[in-house]
Amino acid sequence: MSLDKTISQVMDVLPKKSSVKKIGKRFIHNQEDKLYVVIPYWKASLSQAPMRVLSERIVKAGYSCLSYEFPTNILSQDIYKTREAFLKIKKDIRKEIKRIKKFYTFKEITIIGISLGCVNATMIADNNKDIDNICLVVPGDSLAFCLWNGVATVDIKEKIEKQNISLKTLERVWKKLAPKNNLSYQKNKHIEIYISRTDDVIPYESGKRLVEEMKKKGLNPEIFTNNKLGHYLTPVKFILSKNFNQKKIKKAEII
């Protein structure tokens with residue numbers, strides 16, 4: 001049994017905490033003219049240690065941070081509601097980034113997507129001049145393919161199949177959500193991708209295809225690959241080890 005499958009099964013039997021019911025955000029303004037926008041993994045909340053630690057590390061480095069949490073049912077067996085939820089998030093966050101950039105005159109904006117958040121991140125960054133850098137942690141090329149083949153979404157897949165919906169149909173309905181279809185980046189954007197060869201939640205082959213598709217479009221992503229950490233531990237390593245050029249600062253303002 002793979003590490004990812006074991007972790008998924010353990011998470012399934014743990015007591016369920018109250019899930020996030022609506023979109024939430026936290027903006028921390030800092031002295032530097034650089035903003036990080038953090039798009040979370042599925043079922044994440046702003047109060048959970050991984051998201052909180054990532055935000056804290058960005059702020060300690062002297063930069064501003066806009067981080068989000070999304071309703072747990074953003075991904076569900078209702079494939080049309082799922083599509084509309086992702087499209088609405090794209091519209092709302094793009095609008096918010098534009099507003100904050102104008103008000104605080106940020107000169108550089110980096111968007112970080114983690115796991116399912118990579119879908120949102122690529123949609124937000126697509127053909128968006130407000131985004132300068134893109135960082136994707138355990139991404140895939142297609143939300144439909146990853147849901148169909150991942151060990152953490154078996155229940156949702158089964159419910160979709162009971163509606164006589166095939167993977168081919170799901171790919172068509174979720175076409176606008178697929179990261180491989182949201183790659184209209186300006187070629188001067190810096191792109192980082194973190195993937196794992198043992199990822200069974202978002203299969204490694206899907207992340208690899210995304211990299212290949214980027215290269216076909218003339219993009220030049222910087223790839224960080226590990227062999228053993230899998231889907232759940234790769235983001236943990238990223239959160240704890242990513243170099244944000246840390247330095248001492250005087251004060252940050254939480255808004």
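The values are calculated or read from the model by the stated rules, or taken from the named source; none is laboratory data. Treat the numbers as computed from the prediction; the structure is a model and nothing was measured. All Cβ positions, glycine included, derive from the backbone under ideal geometry; neighbour counts span all protein chains shown. We work out accessible area using only protein heavy atoms, side chains counted, and drop any ligands, DNA or RNA first. Shrake-Rupley method; radii C 1.70, N 1.55, O 1.52, S 1.80 Å.
Here is a yes/no grid of residues against (1) under 14 Å from the mean Cα position of the chain (by Cα); (2) over 19 Å from Asp132 (Cα atoms); (3) not polar (S, T, N, Q):
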residue	(1), (2), (3)
Lys25	no, yes, yes
Ile39	yes, no, yes
Ala44	yes, yes, yes
Ala61	no, no, yes
Asp78	no, yes, yes
Ala85	no, yes, yes
Lys90	yes, no, yes
Checked Val59, Val37 against criteria (surrounded by 15 or more Cβ atoms within 10 Å (Cβ to Cβ) and assigned to a helix (DSSP H, G or I)); the one match is Val59
Which residue pairs have Cβ atoms under 8 Å apart, sit 6 or more places apart or on different chains, and have a first residue in segment 135-161 that is surrounded by fewer than 24 Cβ atoms within 10 Å (Cβ to Cβ) and a second that is in a helix (DSSP H, G or I) and at pLDDT below 95?
Val151/Asp4; Val151/Lys5; Val151/Ser8
Looking at (1) more than 16 Å from the chain's Cα centre (by Cα); (2) of a type in the set (D, E, K, R); (3) surrounded by 15 or more Cβ atoms within 10 Å (Cβ to Cβ), find the lone condition where Glu69 falls short.
(1)
I'd like the full set of residues that are open to solvent by 60 Å² or more (accessible area, probe 1.4 Å) and under 17 Å from the mean Cα position of the chain (by Cα), limited to segment 93-105.
Arg94
